[in-house]
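K.L.:
Before I ask anything, let me first share the structure, which is written out below as structure tokens.
Any read-out appearing in this document is the output of simple, stated calculations on the displayed coordinates, not a laboratory observation. Since the structure is predicted, the reported quantities are computational estimates derived from the model, not experimental observations. Glycine also receives a Cβ, built like all others from the backbone with ideal geometry; neighbour counts cover every protein chain displayed.
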Amino acid sequence: MGGDPALSRRNPLIALAEIGKADNLAKDRPVWVGAGVLGIVLARVAAQSEAVTRARIAAGSCESVRPIDRPLAIGTVSKAVGLLQLYGLLATSEHRLQRGKHRVEQLSLGRLVTAAVHVILDRDNPKGVRIVLFDVGGRTIHAEHREIFPAPERNWQVLAQTIHARVSEMRRDLRDPETGVAPQLFGVAVEVGAPVIDGKITPLSWIVHGDVEPIDLNEKLRELFAAAKGDDELPPAIMVENDATCLTALTWKDLGYTVNDLAVAVVLDNGIGGGLIMDGRLRRGRSGRAMEIGHLVVAHRPEPRTAAAGELDHDDGVDLDDPVCVCGLPDHVEVYATIASLRRDLHAGKVEALEQAARRMEPEHARRVLTRSGAFLGQALAHVCNVVDPGLLVLYLPRELADTNPARRTSQYVEHTKKELEQAFAVRGRPSTEFVAQSLPVHTAGLEQLFARAAAVCLLDDVIEQALDHVPADEKAGPATKTGGS
């Protein structure tokens, strides 16, 4: 991403670095602080649970595995802090630390907000949104709005316009009663349960048919928010990302960025997604389709001459009448291990719990459905471990599947997931991959808030990554002599 002139419009840290450079040149003082230094300083503040001092920011953390873990001179930090404070990205704490005879200034994230958007999908079209205004670090909710669109308005253009209109209204509602000033917008982070390829949303059915242009929601939002930006405001960062990728960024943050290599998988109603941290960086692949766990082949469909149509094959548990994946191909793990597929195979009613459906069914049949689904998921995760060898694999499951109480029939799902995963070469290695199963929130609001927070965190990491990779246009021609704080 380094060297792209358009990034200065997309990334507030790069824009801030360019502003600082222009100011310094005008004053004939070569003390420009580059975007990478600004990114490191902001990242180290954001990674702390409480306010930190300039000295601690400069020292970094020897435990960090992020690509920001290099020492900075106090003078360099002070220059970066000055710019970040000037534009509201950092703030001075009301409390100061007593260090000997001196009272040391503490810094925390500024009062800017991130608009995090969870897109509620109806097949391939948006049917609504939950918009949450977070602080930049994704910790505190300042405002929240949920909206379902009328059926005729369920399209991506309406989604972009709605996001812009509602975010603007929510910011106005947060105006300071004394000054009348609304909080500035750091960025807009949108997560969507569909592949995001080269920054564009591409629903799976569109990939299959190949006759529909991907949705450049990123560009639509950038145009809308740029037109409304005040003269003294930095351009808001815009990010549109897959939901599983966002959840991976949030998991990494909640682990304190202490895991070098992390794989995340999540089982949802209609899909199985995944994300990957390798060598301390979020990896998306060449086009953004990395870790599409749901489309790993895990089953083998028997030939018609060896099994009658509709007859369950005892060796691999595959039925010749099993449906194909939404992408058009057979035997993918999404066909067998999602909530929707379990509801289908357990003949569950619309609002019936999976455990209730399993108990209503003949015990052996229910067992075979649940063990087959769990085993196929375990095989897919084993493939992931054998290919990328993560230090930690985190699996997010709906609570009714994450419950390992042996009295519950549905516990067989995760039990057989673990059994299959334990056979993976990488998992049995030394050191072995650690496996953790996490429960997703039960209620819709909690789940939507989780993914919105994940988008806010992913946006901040994305901005910092861009800043670290940024190469100013005047430095691309060859090595430049750097002075001052960069």
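K.L.:
Dipole of the range 360-420, Cα-centred, from +1 at each Lys and Arg C-beta and -1 at each Asp and Glu C-beta, to the nearest 20 debye?
P.N.:
Working: 9 positive and 7 negative charges, 42 e Å.
Dipole magnitude for the range 360-420 comes out near 200 debye.
K.L.:
Please give the Cα centre distance for the range 334-407 versus the range 104-125, rounded to the nearest Å.
P.N.:
32
K.L.:
Work out how much length VAL436 to GLN161 would gain on full extension: take 0.36 nm times their residue separation and subtract the Cα-Cα distance, in nm to one decimal. Let's see the in-between values first.
P.N.:
Details: separation 275, 0.36 × 275 = 99.00 nm, distance 3.96 nm.
Answer, rounded to one decimal: 95.0 nm.
K.L.:
Let me ask you something else. Tabulate in residue order the Karplus-calculated ³J(HN,Hα) for the range 360-376, using 6.51 cos²θ - 1.76 cosθ + 1.60 with θ = phi - 60°, rounded to whole Hz; enter x for Gly and Pro.
P.N.:
Values per residue, Gly and Pro as x: 6, 7, 4, x, 5, 5, 4, 4, 5, 4, 6, 6, 5, 4, x, 5, 5 Hz.
K.L.:
Can you give the net charge of the other residues whose Cβ lies under 9 Å from the Cβ of ALA358, counting K and R as +1 and D and E as -1? Don't jump to the answer; show the numbers that get you there.
P.N.:
Values: positive: ARG359, ARG360, ARG367, ARG408, ARG409; negative: GLU355.
My count for the surroundings of ALA358 gives +4.
K.L.:
OK, next. Around GLU434, which amide H atoms from residues at least 5 apart in sequence, or from another chain, sit under 5 Å from its own amide H, with H modelled in the peptide plane?
P.N.:
HN-HN under 5 Å from GLU434: LEU392, LEU393.
K.L.:
Got a sec? Charge dipole of the range 118-239, +1 on Cβ for Lys and Arg, -1 for Asp and Glu; which of LEU221, ALA189, ALA143 is way out at the positive end?
P.N.:
About the Cα centre, the residue reaching furthest to the positive side is ALA143.
K.L.:
Using mean Cβ contacts within 10 Å as the protection proxy, how do 288-298, 458-468 order, highest first? Working shown, then result.
P.N.:
Details: 288-298: 20.3, 458-468: 24.7.
Top of the packing list down: 458-468, 288-298.
K.L.:
My understanding is that a pair violates if its Cα-Cα distance is over 32 Å; which of LYS220/LYS253; LYS127/LYS418; LYS253/LYS418; LYS79/LYS220; LYS127/LYS253; LYS253/LYS350 do that in this structure? Walk me through the numbers before you get to the answer.
P.N.:
Working: LYS220/LYS253 29 Å; LYS127/LYS418 36 Å; LYS253/LYS418 25 Å; LYS79/LYS220 35 Å; LYS127/LYS253 30 Å; LYS253/LYS350 36 Å.
Cα-Cα > 32 Å for LYS127/LYS418; LYS79/LYS220; LYS253/LYS350; rest within.
K.L.:
Let me ask something else. Å³ per residue of the Cα convex hull, for the range 213-293? Before the final figure, lay out the partial values.
P.N.:
Details: hull volume 12.0 nm³, N = 81.
About 148 Å³ per residue, rounded to a whole number.
K.L.:
What's the magnitude of the charge dipole for the range 125-216 around its Cα centre, counting Lys and Arg as +1 and Asp and Glu as -1 at the beta-carbon? Answer in Debye, nearest 20. Can you show the working numbers first?
P.N.:
Details: 10 positive and 13 negative charges, 41 e Å.
So the dipole magnitude of the range 125-216 works out to roughly 200 debye.
K.L.:
Rounded, prolate or oblate: which fits the range 324-459 when a ≥ b ≥ c are the square roots of the eigenvalues of the alpha-carbon gyration tensor, with rounded for a/c under 1.5 and prolate only if a/b beats b/c?
P.N.:
On the way: a/c = 1.59, a/b = 1.20, b/c = 1.33.
It is oblate, given that a/c is not under 1.5 and a/b is not larger than b/c.
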